[in-house]
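Notes for the one structure printed next.
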Amino acid sequence: MKIFIMVLLSISTLYSAMSDESWANLKKQYILSKTLSQDANVQFGMAMAYSYTGFIQEGFNKIASIPSIDPTFKSLVVDKYLKKTELNPNNWLHHWYLAFAFYVNERKDEALVEFQKVINLVPDPSIKGWAWGYIAYIYGERKDWPRAMTAINNAIKLEPDGSGLYFAKGLALKETGDTVGAAGALVMAGTLQAKQMFGKRSISKLKND
């Protein structure tokens, strides 16, 4: 059972210390996604906005919905964002999109490279933290726990309010036999989640504004 992987998909009320700019862009993208509900590119953009603001389940659910809108999207999205990164190699957002394009096409080593480029390019520590979180996600899929733990610790240093990151850390520690450390991380995750459910930047707030 892929416990480490599933934990990052299990929390739909995640909050992170996102910037005002990221929150504003998320709200704008949400409105656009509702207006253009059958546009695969818009829906992918919505998935990406969810993913770099910590709404992990929402992001993956949105990605999963795209084939029903456009079955060809998956086969075209890598080339699209390869071209964008070639034209503008310093735009972190293009690399973020490309990382997920690689991921959904099972090109995960290339996804890791792109997430690292995001970390090197983006100034926002919260987004850096989530990039490390997805790196940990990929290593968790591979059961490479030492690398997953390094990545998740990097993620938490940059995004200390990400409750999903603490859940992931706790379950990764459990996999390595550190039950005491795992318990501490899971308690922290639960505390943050309870606080965040009533925060100003929750998924319910986004959808009900």
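The values are calculated or read from the model by the stated rules, or taken from the named source; none is laboratory data. This is a predicted model, so every value here is computed, not measured. Counting neighbours? That spans all protein chains shown, and the Cβs are built from the backbone with ideal geometry, glycine included.
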Residue satisfying condition, being among the polar types (S, T, N, Q) and modelled with pLDDT of 95 or more, within set SER51, SER68:
SER68
Residue that is part of a loop (DSSP other than H, G, I, E, B) and modelled with pLDDT of 80 or more, where the choices are GLY177, GLY181, GLY199, GLY170
GLY177
Would you mind stating whether LYS84 is buried (at least 17 other Cβ atoms within 10 Å of the Cβ), modelled with pLDDT of 85 or more and charged (D, E, K, R)?
no
Tell me whether the stretch 120-130 contains one or more residues that are farther than 20 Å from ARG142 by Cβ, assigned to a helix (DSSP H, G or I), among the basic types (Lys, Arg) and out of contact with any Asp or Glu (no Cβ under 9 Å at 6 or more places or on another chain).
no
Considering residues that are crowded, with 24+ Cβ neighbours inside 10 Å, within 14 Å of ALA131 (Cα to Cα) and without any contact (Cβ under 8 Å) to a residue 60 or more places away in the chain, the number found within the stretch 158-172 is 1
Here are LYS157, LYS80, LYS84, LYS128: which of them is within 12 Å of the chain's Cα centre (by Cα) and either within 30 Å of LEU36 (Cα to Cα) or not aromatic (Phe, Trp, Tyr) (or both)?
LYS128
Output the number of the condition that ASN61 fails; it satisfies all remaining conditions of (1) within 24 Å of TYR166 (Cα to Cα); (2) more than 14 Å from the chain's Cα centre (by Cα); (3) without any contact (Cβ under 8 Å) to a residue 24 or more places away in the chain.
(2)
Against the condition more than 18 Å from the chain's Cα centre (by Cα) and of a type in the set (Lys, Arg), how does LYS74 come out, does it pass?
yes
For SER22, work out the one condition from (1) more than 13 Å from the chain's Cα centre (by Cα); (2) modelled with pLDDT of 90 or more; (3) not β-branched (Val, Ile, Thr) it doesn't fulfil.
(2)
List every residue pair whose Cβ atoms lie under 8 Å apart, where the two residues are 6 or more positions apart in sequence or sit on different chains, the first residue falls within the stretch 102-113 and is closer than 17 Å to ASP144 by Cα and without any contact (Cβ under 8 Å) to a residue 40 or more places away in the chain, and the second residue, located anywhere, is surrounded by fewer than 16 Cβ atoms within 10 Å (Cβ to Cβ) and acidic (Asp, Glu).
LYS108/GLU141
Looking at ALA49, ALA64, ALA101, which is the one that is closer than 18 Å to ILE135 by Cβ, out of contact with any strand residue (DSSP E or B) (no Cβ under 7 Å at 6 or more places or on another chain) and assigned to a helix (DSSP H, G or I)?
ALA101
Scan the stretch 28-41 and give yes if some residue there is surrounded by fewer than 24 Cβ atoms within 10 Å (Cβ to Cβ), aromatic (Phe, Trp, Tyr), more than 20 Å from GLY164 (Cα to Cα) and touching a residue at least 40 places away in the same chain (Cβ under 8 Å), otherwise no.
yes
